[in-house]
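**Student:** So that we are looking at the same thing, I have put the structure below in structure tokens.
The values are calculated or read from the model by the stated rules, or taken from the named source; none is laboratory data. Fair warning: this is a prediction, and the values are worked out from it, not measured in the lab. These area figures cover heavy atoms from the full protein model, side chains too; ligands, DNA and RNA do not enter into them. Shrake-Rupley method; radii C 1.70, N 1.55, O 1.52, S 1.80 Å.
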Amino acid sequence: VLQLLRGVQRGSEDRKGSLGRLRWALQNKETQQKFVRLDGSIRTLIGLFTSSLADMQMEAARCLHELSHSSDPAVAEACLPVTSYLLTYLSGHSVEFTELCLYTLGNLVVESEAVRKQLLPQGIIPVLASCIQSPHEAVLEGLGYVLSQLLQTKEAPTEIVPLVLDSVLPQHMLRLVCSGLKAGTGAAVEFAWCLHYILCSHTANAVLLSLGALPALTSLLLDVASEIPQDVPEGLELLVCPVLRCLSNLLAEETGCEGQIQDERLLIALFLILQSFFQQHPFIVQECLWLLNNLTADMPFFCSALLSLDLLPALLQLLPCSQMAGVLVLTVLCNIAEKGPAYCQQLHRQPALPLLLPALALPDPEVVGQCLELLHLLFLHCPEAAPDFVRQGGHRALEQHQSTPELQERVRALLDMVGQPLGATTFSACHTALSAFS
């Protein structure tokens, strides 16, 4: 390593060759650590990185890029002096050079808080914002990488997200996601995840809603769902997942945005995606169900649409997929049942009760607890469901959980409900006893 460094420093005829061999050597973790401890090593690389010789500049950039891959914060911090030059070179030069600078920055900000603290005052966000108009896909993908790394840091919600929201980045990211996601571009995927990380801070909802994010992402999801081929290409799940999460996050808080997406085709799109990814990528099932939960939580429109489109059987088939899927399916059903007697009567007619009995037999207290919540709502708003439940063996299914500490009280209350004569007085009394459900 020392010989290679001296070969680079001496300016011999083979300096470019020495740089190339140094780049190869810097792929090794121990070599990286030894190199940054050598006197003048980083200073030499910076000198070549900022020189007017394009081929030397590119080789030096490749060496710095290899160093940025180190997981040792000491290596990243040794590269601190180069950060201002990396930012400067994001404007101009070749596409490959700009791309190298972007990925080097992205790697450095992951490993070192000191690097991030230096880059923010240097104006990294405005500089990145100036790159987002680039016509080159490679530059945009590198830009998305840097932003996604920054937006996942611990200080992102307080220090980085506000700067991003004050820039032109959100509107351009939204545009690039919607224009590029169907084509499967890497930049669109990176920016979709960036939007997700921004929304996780819970301070960006209003900004993105004002930019039309909800209808834009809804339309995008409809388009993607309508064009999913029968043989789903590998990698499509990486495109769909962040869009589902963005929509879920936008709906997670009370934002008064219900009227923006009252389109029953969104439910059809969700179930098409569920059907397409169910076998190979079961994690997408959870993402779809989380969005479905947020759609039905406060919007009667989607509760009615789910029933009128006869999607309940397909939803109930997802109950045994996983523990989380079972909880979310039952939560969606509770969202529907909470809307009152008319909805509960439809659930009863579908019929939902026979499909709930297997859920009650599961050993998971969380799934069973959510099932008990649903039964409470059904019996409360649709009293005729109680005797039907008993006729189908529901009484015995409930009794199995009488000894489970966290379920005991609710099981006893439900057993009282199904065991007493039907009537408004009986159910109002039981509703008081079951106040823990709400």
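**Student:** Can you compute 3J(HN,Hα) from phi for each residue in segment 348-356, using the Karplus curve 6.51 cos²θ - 1.76 cosθ + 1.60 with θ = phi - 60°, rounded to whole Hz and x for Gly and Pro?
**Tutor:** Whole-Hz 3J(HN,Hα) from phi for segment 348-356: 5, 6, 4, x, 8, 4, x, 7, 7.
**Student:** Keeping all protein chains in place, calculate the accessible area per residue for the chain (probe 1.4 angstrom), answer in Å².
**Tutor:** On a per-residue basis, the chain sits at 43 Å².
**Student:** Next up: Please list, or write none, the lysines whose alpha carbon is within less than 29 Å of the alpha carbon of K117, excluding same-chain residues fewer than 8 places away.
**Tutor:** Here the lysines satisfying the reach criterion relative to K117 are K29, K34, K154.
**Student:** Checking the a/c ratio against 1.5 first, then a/b against b/c, what shape does the Cα gyration tensor give for segment 290-360?
**Tutor:** The shape class here is oblate.
**Student:** Another question, then. Per residue of segment 277-288, what does 6.51 cos²θ - 1.76 cosθ + 1.60 with θ = phi - 60° give for ³J(HN,Hα)? Whole Hz please, x for Gly and Pro, Karplus curve as stated.
**Tutor:** Running phi through 6.51 cos²θ - 1.76 cosθ + 1.60 with θ = phi - 60° gives 9, 3, 7, 7, 9, x, 5, 5, 4, 4, 4, 5 Hz.
**Student:** Counting only protein heavy atoms and using a 1.4 Å probe, what share of the accessible area of segment 1-122 belongs to carbon plus sulfur, as a whole percent?
**Tutor:** For segment 1-122, the apolar C and S fraction of the accessible surface comes to 48 percent.
**Student:** If you don't mind, another one. Just round it to a whole percent: the fraction of Cα-Cα distances in segment 258-398 exceeding 27 Å.
**Tutor:** Result: 16 percent of Cα pairs exceed 27 Å.
**Student:** Could you run the Karplus curve 6.51 cos²θ - 1.76 cosθ + 1.60 with θ = phi - 60° over segment 136-152 and give me ³J(HN,Hα) per residue in whole Hz, x for Gly and Pro?
**Tutor:** For segment 136-152, the Karplus-derived couplings read 9, 4, 4, 5, 5, 5, x, 4, x, 5, 4, 4, 5, 5, 4, 6, 9 Hz, x marking Gly and Pro.
**Student:** On to the next question. When the accessible area of segment 312-437 is split by element with a 1.4 Å probe, what percent falls to carbon and sulfur?
**Tutor:** 55 percent
**Student:** Which whole-number percent gives the relative contact order of the chain, counting Cα pairs below 8 Å spaced six or more residues apart?
**Tutor:** Contact order relative to length: 7 percent.
**Student:** Let me make sure I get this right: for segment 323-368, a, b and c are the square roots of the gyration tensor eigenvalues over alpha carbons, sorted descending. Under 1.5 in a/c it's rounded, otherwise prolate if a/b > b/c, else oblate. Which is it?
**Tutor:** Here segment 323-368 falls in the oblate category.
**Student:** Classify segment 1-122 as rounded, prolate or oblate, taking a ≥ b ≥ c as the square roots of the eigenvalues of its Cα gyration tensor: rounded when a/c is under 1.5, otherwise prolate if a/b is larger than b/c and oblate if not.
**Tutor:** Verdict is oblate for segment 1-122.
**Student:** Which value, in Å² and to the nearest 10, is the accessible area of H196 when all protein chains are kept and the probe is 1.4 Å?
**Tutor:** Accessible surface of H196 is approximately 20 Å².
**Student:** Lysines within cross-link reach of K339: Cα-Cα under 20 Å, excluding same-chain residues under 8 positions apart?
**Tutor:** The reachable lysines, counting only those whose Cα sits under 20 Å from K339, number zero.
**Student:** Quantify, in whole percent, the carbon and sulfur part of the accessible surface of segment 123-211 (1.4 Å probe; protein heavy atoms only).
**Tutor:** 57 percent
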